[in-house]
Structure formats: C-alpha cells, structure tokens
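Right, one structure below, let's go through it.
The values are calculated or read from the model by the stated rules, or taken from the named source; none is laboratory data. Bear in mind the structure is a predicted one, so any value in this text is a computation, not a measurement. FYI the Cβ positions are ideal-geometry reconstructions off the backbone, even for glycines, and counts take in every protein chain you see. Remember, those area values only see protein heavy atoms, side chains included, never the ligands or the DNA or RNA. Shrake-Rupley method; radii C 1.70, N 1.55, O 1.52, S 1.80 Å.
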Amino acid sequence: MTNPSIGVAVIGGGMAGRAHAAGYRSASTLFGTERPDVRLVAIADTNEAVADDTARRYGYERAEYDWRAIAEAPDVDAVSVVVANHLHREIVEGLLAAGKHVLCEKPLAGSLVDAEAMVAAAEGSDRITAVGYTYRRSPAVEQIRRELAAGTI
C-alpha cells in the first residue's frame, strides 16, 4: 500500500512564495513517513519569467501565469497564497469555491471587510484553511500566548 499524496501549488513566486515553495519541497524529508507524500505541482505568478524560474528552481511540475489555472487544476489539493495583500480575498475565495485547501500568508487582508468575507468563505467550506504566521510555533511566542491566555501578563 502506498501513501496517499497531496498536490501543492504556490500562488506568488516572489521571495515569500519561494520560501513556501522550498518548504513544500523539503516537507517529505522533515516529517515522518505516515504523512502523505507531497507532489510539487505548480507555481503561479503573473510574471511569466518569475513563475518559470521558481517552478524550475524548486522542482515543481509546471508554471502557471494566472491563479485561476491553479483553482481549476484537478491535480492541486492545497495552495499557498503568497501575493500582494490586496489580492488575497479574491484568490482565497476562488480557491475555496474550487475545493482547494488554502494557506494564506499574513496579513489575511487589507481591510476588515475583506477579512470577514474570507473568514465567512472559510467557515462555509469543508476545506482546511490557515493563515501563515511566521512565528506561530516559536517557543518564545508560544510562551507569550500561554501567558496571555492564563491572564498572567
């Protein structure tokens, strides 16, 4: 029996998008064998040269030049959205409507209205969603979170 696999894509091929691309590339080597295999499917960026270079550099199967191609792709299960903040809402809502799991880089949105709409879309979906807070698992940040929750600070 083989492990199931999960096809991943990154929308945004800039510096932060490349960090996500590299993270997915190394995921199978960092975590236990009980996790699904990660298939590096696509990098999308409106700048074709950036999309092509990032896909090639990080070992993704292909480059796309419009996020909608990722939404429509049957071989993509989960997507990192790593583009300009004001673009997050349209892309995240489109990906959720297409049945994709979504990791949106911080900040979630540029306005409260957009953020609330994105949260509503996530709550109305059966997909896994998250916001990529860089230091979420940092021991120092976790300690502060615990102290805040306990009311000790």
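Quick look at the numbers
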item: Cα long-axis angle, helix 139-150 against the chain (0 to 90 degrees, to the nearest 10); result: 40
item: Net length gained if the chain between residue 148 and residue 37 were fully extended (0.36 nm per residue, minus Cα distance); result: 36.3 nm
item: Angle in degrees between helix 15-30 and the longest Cα principal axis of the chain, rounded to the nearest 10; result: 90
item: The range 48-153: chymotrypsin sites (Phe, Trp or Tyr not before Pro) in DSSP loop, at most 15 other beta carbons within 10 Å; result: 65, 133, 135
item: Pairwise FRET efficiency - residue 133 versus residue 61, Cβ, R0 = 30 Å, nearest 0.05; result: 0.60
item: Share of carbon and sulfur in the accessible heavy-atom surface of the chain [1.4 Å probe, %]; result: 57
item: Degrees between helix 88-97 axis and first principal axis of the chain (Cα, 0 to 90, nearest 10); result: 70
item: Label point distance in nm, residue 49-residue 29, each placed 7 Å from Cα along Cα→Cβ; result: 2.9
item: Residues listed by number, the range 64-81, amide nitrogen under 15 Å from residue 19 label point at 7 Å toward C-beta; result: 80-81
item: Surface per residue (accessible, 1.4 Å probe) for the chain, Å²; result: 58
item: Top positive-direction residue, dipole computed over the chain with Cβ charges, set 104, 150, 134; result: 150
item: Electrostatic dipole magnitude of the range 1-120 [Cβ: Lys, Arg +1; Asp, Glu -1; Cα centre; debye, to 20]; result: 360
